[in-house]
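The values are calculated or read from the model by the stated rules, or taken from the named source; none is laboratory data. Remember, it's a predicted structure, so these values are computed and weren't measured experimentally. With ideal geometry, Cβ positions are generated from the backbone for all residues, glycine too; neighbour counts draw on all protein chains shown.
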Amino acid sequence: MTGGPQEQFGSEGGGRGAGASGVPEGDAYEWYRRGVGLLDSGHPAAAAQLLARAAEAVPESRSVREALARALFDAGRYAAALAEFRTVAESDPADDYAQFGWGLAASRVGDFETAVEHLALAVAMRPGTKHYRVALTQARATLRARETGM
């Protein structure tokens, strides 16, 4: 495959070969691959659009939903990201990354109790992951500061 995501989607981030209905060509797997490519190249809002299409087509796919959650988070749509990370984590409670994403998104929407709960789960599952520990420490500190009125 030649060209990057910008070439594939054009400068406005629309779908390659989108029909009159606005639905991009291809199937859910292709939307997923293209969406992840957009996300990896720094275009989370465009990625979220394609990944949302893929999630509608295959709602049971944890991979699609996790990629959608990442795209939504990177696009600053924290409440929507939280909902997607929660869906992934509820379908597989042992998924440390989904627990981490749920906690991080919860902290971004100001729900530090939920953030601490899910970040602590992620740290318990993967104690050696530094960014999990840092996020948990920050969420706990914010929660303590709010509780003490600082």
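Key figures
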| quantity | calculated |
| --- | --- |
| Region 51-79 residues that are on the phi < 0 side of the Ramachandran plot, paired with ones that are among the polar types (S, T, N, Q) (beta carbon under 7 Å, 6 or more apart) | ARG62/SER91; ARG65/THR87 |
| Checklist (1) at pLDDT below 95; (2) in a loop (DSSP other than H, G, I, E, B) applied to GLU7, failing item | (2) |
